[in-house]
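So the structure is just underneath, and the comments pick up after that.
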Amino acid sequence: MSNVVRTLVTLVASFLAVALWPGRADAYPWMIRHEYNNCIACHVDPSGGGLLTPYGRGQSQVLLSTKYSNEEVNPGKFIFFAGFAELPNSVNLGAWFRTGYISRGADATATTPATRQGDLVAMRYDFQGQFTLDKVKFNISLGISPRNEASGQAQGAYVTRRLNAQNGLQREVQLVSREHWVGYDVSDAIMLRAGRINLPFGLRNFEHNAWVRSSTRTDYNTQQQHGITASYGDEHVRGEIMAILGNYQIAPDGYRERGYSGYVEFAVGQYQAVGFSSLMTYAKIDQTGKNVPIFRQAHGPYTRYTIAKPVVLLAEVDLLANSFQDQATRVGWTGFGQFDIEPVQGVHILATGEFLRNGVNEFSTERTNFGLWGGLWWFPIPHLDVRFDAIRRFGPNNYQGTTTYLAQLHVYL
Amino acid sequence: MRSITDLSPPSLLAPAALAAALLFTSGSASASGGYPTTIASKYGVGAPACTLCHTNPSGGAGTAEQPFAVTMKKYGLTGNSATAALEQALEDNTDDSDSDGTPDVDELQNGGDPNSGGAAVDPAKYGCVEQSNSIAGARSSSPRLASLAVAGLVAGFLFLRRRR
């Protein structure tokens with residue numbers, strides 16, 4: 001066990017060393033590089049991600065897309081549903097269309113040859129709308145998950161349960177709803193929400209397959225849960241705490257997790273934010289397939305840190321603990337570090353490292369796996385981006401490594 | 001050179017149309033999406049959940065660490081939808097991963113869980129509104145629904161654009 005403690009101390013110390021390294025005063029934070037310390041100005045979700053406000057939609061043109069001349073960019077009509085419709089102030093609409101091609105390869109082993117297979121991938125085809133009535137907000141997302149073959153990538157958000165009559169697979173077009181909630185603005189800084197909501201935890205990033213998101217079950221692709229949240233945000237501190245009541249789009253009830261998830265984030269000067277997240281849930285049946293109740297925990301710090309004007313570091317480290325009934329608590333860990341380099345506006349070079357020890361089986365039987373990602377992300381015109389990633393995941397000893405190439409096209413309104 | 005501000009909303013329709021075209025041919029995002037189908041058809045049982053092999057309910061690389069997955073990898077299984085390797089590994093597997101006295105393959109055939117002894121639990125069900133379709137029906141209806149949705153979206157945009 002002493003090795004575990006030493007490893008954890010090393011991980012935390014490394015994180016703190018990076019997180020607390022003084023920033024330079026001439027830098028800008030990624031996504032909030034124009035001196036925004038919270039998300040609420042650009043997103044209707046106080047913790048970020050998802051539906052944009054009209055202001056955020058305009059800023060996405062000014063700040064995200066490549067500029068082809070020195071003329072000042074005027075977001076103008078783009079703030080209204082990408083210029084197609086001038087909506088009433090009380091109505092906000094958005095849409096996402098993300099698709100791609102993935103090529104997956106596995107290394108050769110002593111008994112099997114190397115393999116590779118490519119597929120077109122349906123990622124996200126959603127609409128989201130919000131209606132505001134004074135201080136009350138009604139928000140819902142609806143979309144489709146086409147031909148999803150028990151992949152698990154969106155099934156947590158299924159509304160329909162269309163089963164294939166021959167093999168029982170949900171290999172049909174499914175209606176999905178990732179978010180649906182009612183919110184109330186208590187003040188400019190405080191908001192209460194109830195419904196199916198993104199779990200407030202860690203970095204809210206696009207990489208929903210990153211191990212910090214999948215192992216903590218906090219990605220905002222499909223792992224939202226029903227519950228009640230309270231959020232707070234000003235220019236110095238922001239946070240959100242959620243009472244998790246369970247994902248009511250999963251049955252039977254034994255699979256539903258109850259507990260809490262939350263984070264608090266502090267602005268450190270103008271160009272860095274440091275946060276801490278915590279999650280505890282209990283379910284009668286664990287979704288990992290073990291037919292016993294489970295008490296699941298994840299806790300850890302994260303940071304967004306501008307090293308120099310075009311270079312931003314996003315980092316997160318989490319301790320995982322899974323307590324199955326009548327068994328000793330299993331401990332694991334996961335981490336994520338990503339350098340986002342933007343040499344020219346709209347062009348991002350991504351260099352990412354990650355690690356994972358699942359914390360599901362006995363400690364001596366598990367190992368720490370590693371991943372390295374390299375990516376190129378380009379926003380050529382407003383409301384459209386393309387991205388290419390190469391992902392290498394590997395482990396110690398005779399672990400069979402995988403190399404994945406992914407190309408994505410993303411259109412959003 | 002055109003300024004970025006000269007780009008009109010219809011400029012977005014071309015990439016949107018390309019994306020729409022991809023919609024009709026896109027497959028699943030599964031790392032090994034063919035495995036559940038293969039097991040279901042081989043043993044005449046319901047398709048197992050991702051957690052038969054993965055320690056995460058959504059699957060994903062680096063999480064195929066369940067005892068059964070470890071056993072299957074020993075018999076040559078790769079995580080790349082290589083169904084031939086799965087078929088062979090199932091033929092070769094004589095292990096009892098959870099040491100409950102019943103071999104893995106027997107447990108699969110009986111709808112049990114080779115990762116934990118005892119009776120199998122009800123698998124998680126996703127979605128609220130239950131429907132059942134035949135394969136043929138689903139394949140013929142899905143593209144039509146998606147086509148209508150995209151066509152309606154584009155028509156709506158063009159209508160609104162013309163009104164302005």
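The values are calculated or read from the model by the stated rules, or taken from the named source; none is laboratory data. Fair warning: this is a prediction, and the values are worked out from it, not measured in the lab. Cβ placement follows ideal geometry from the backbone for every residue including glycine, while neighbour counts extend to all protein chains displayed. The area values use the complete protein model at the heavy-atom level, side chains included, leaving out ligands, DNA and RNA. Shrake-Rupley method; radii C 1.70, N 1.55, O 1.52, S 1.80 Å.
Results for (1) at pLDDT below 75; (2) under 19 Å from A:T112 (Cα atoms); (3) of a type in the set (A, V, I, L, M, F, W, C), shown as yes or no for each residue.
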{"site": "B:A20", "(1), (2), (3)": "yes, no, yes"}
{"site": "B:Y35", "(1), (2), (3)": "no, yes, no"}
{"site": "B:G46", "(1), (2), (3)": "yes, no, no"}
{"site": "B:H54", "(1), (2), (3)": "no, no, no"}
{"site": "B:G60", "(1), (2), (3)": "yes, no, no"}
{"site": "B:F68", "(1), (2), (3)": "no, yes, yes"}
{"site": "B:T71", "(1), (2), (3)": "no, yes, no"}
{"site": "B:K74", "(1), (2), (3)": "no, yes, no"}
{"site": "B:T78", "(1), (2), (3)": "yes, yes, no"}
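If a residue has to be more than 14 Å from chain B (Cβ to nearest Cβ) and either touching a Leu at 6+ places or on another chain (Cβ under 8 Å) or not in a strand (DSSP E or B) (or both) to count, how many in segment A:130-148 make the cut? The number of residues fulfilling the criteria is 5.
In the list A:V121, A:V159, which residue meets the criterion of being at pLDDT 80 or above, facing chain B (nearest Cβ under 7 Å) and out of contact with any Phe, Trp or Tyr (no Cβ under 9 Å at 6 or more places or on another chain)? Going through A:V121, A:V159 in turn, just one is at pLDDT 80 or above, facing chain B (nearest Cβ under 7 Å) and out of contact with any Phe, Trp or Tyr (no Cβ under 9 Å at 6 or more places or on another chain): A:V159. Just one of the numbered conditions (1) away from every other protein chain (no Cβ under 13 Å); (2) touching a Leu at 6+ places or on another chain (Cβ under 7 Å); (3) part of a strand (DSSP E or B) is not true of A:V182: (2). The test for being modelled with pLDDT under 90, β-branched (V, I, T) and crowded, with 22+ Cβ neighbours inside 10 Å does not hold for A:T229.
For A:K284, the conditions (1) surrounded by fewer than 22 Cβ atoms within 10 Å (Cβ to Cβ); (2) within 19 Å of B:P67 (Cβ to Cβ) all hold with the exception of (2).
Within segment A:332-364, if we keep just the residues that are touching a helix residue (DSSP H, G or I) at 6+ places or on another chain (Cβ under 8 Å), within 19 Å of B:T63 (Cα to Cα) and open to solvent by 30 Å² or more (accessible area, probe 1.4 Å), the residue that is modelled with the lowest pLDDT turns out to be A:F363.
With the structure loaded, tell me whether B:A89 is assigned to a helix (DSSP H, G or I), more than 10 Å from chain A (Cβ to nearest Cβ) and at pLDDT 80 or above or whether it fails that test. Against the criterion (assigned to a helix (DSSP H, G or I), more than 10 Å from chain A (Cβ to nearest Cβ) and at pLDDT 80 or above), B:A89 does not qualify. Examine segment A:285-292 for a residue that is at pLDDT 90 or above and either more than 15 Å from the chain's Cα centre (by Cα) or among the small types (G, A, S) (or both), and state whether such a residue exists. So far as segment A:285-292 goes, no, none of its residues is at pLDDT 90 or above and either more than 15 Å from the chain's Cα centre (by Cα) or among the small types (G, A, S) (or both). Here A:F295 passes the criteria (1) in a loop (DSSP other than H, G, I, E, B); (2) open to solvent by 30 Å² or more (accessible area, probe 1.4 Å); (3) free of Cβ contacts under 8 Å to residues at least 40 places away in the same chain except the one numbered (1).
If you go through segment A:143-156 one residue at a time, do you hit one that is modelled with pLDDT of 90 or more, in contact with a Phe, Trp or Tyr (Cβ under 6 Å, 6 or more places away or on another chain) and open to solvent by 30 Å² or more (accessible area, probe 1.4 Å)? For segment A:143-156, residues modelled with pLDDT of 90 or more, in contact with a Phe, Trp or Tyr (Cβ under 6 Å, 6 or more places away or on another chain) and open to solvent by 30 Å² or more (accessible area, probe 1.4 Å): absent. Of the residues making up segment A:246-282, those that are within 14 Å of another protein chain (Cβ to nearest Cβ), outside any loop (DSSP other than H, G, I, E, B) and in contact with a Gly (Cβ under 7 Å, 6 or more places away or on another chain) are A:I250, A:T281. Does segment A:63-85 contain any residue that is on the phi < 0 side of the Ramachandran plot, at pLDDT below 80, touching a Lys or Arg at 6+ places or on another chain (Cβ under 6 Å) and open to solvent by 40 Å² or more (accessible area, probe 1.4 Å)? Among the residues of segment A:63-85, at least one is on the phi < 0 side of the Ramachandran plot, at pLDDT below 80, touching a Lys or Arg at 6+ places or on another chain (Cβ under 6 Å) and open to solvent by 40 Å² or more (accessible area, probe 1.4 Å), which makes the answer yes. Flag set for A:A273, criterion: closer than 17 Å to A:C39 by Cα and surrounded by 17 or more Cβ atoms within 10 Å (Cβ to Cβ). Number of residues in segment A:283-304 that are in contact with a helix residue (DSSP H, G or I) (Cβ under 7 Å, 6 or more places away or on another chain) and within 14 Å of chain B (Cβ to nearest Cβ) equals 6. Within the span defined as segment A:358-372, every residue fails to be among the basic types (K, R), part of a strand (DSSP E or B), touching a Phe, Trp or Tyr at 6+ places or on another chain (Cβ under 8 Å) and within 10 Å of another protein chain (Cβ to nearest Cβ).
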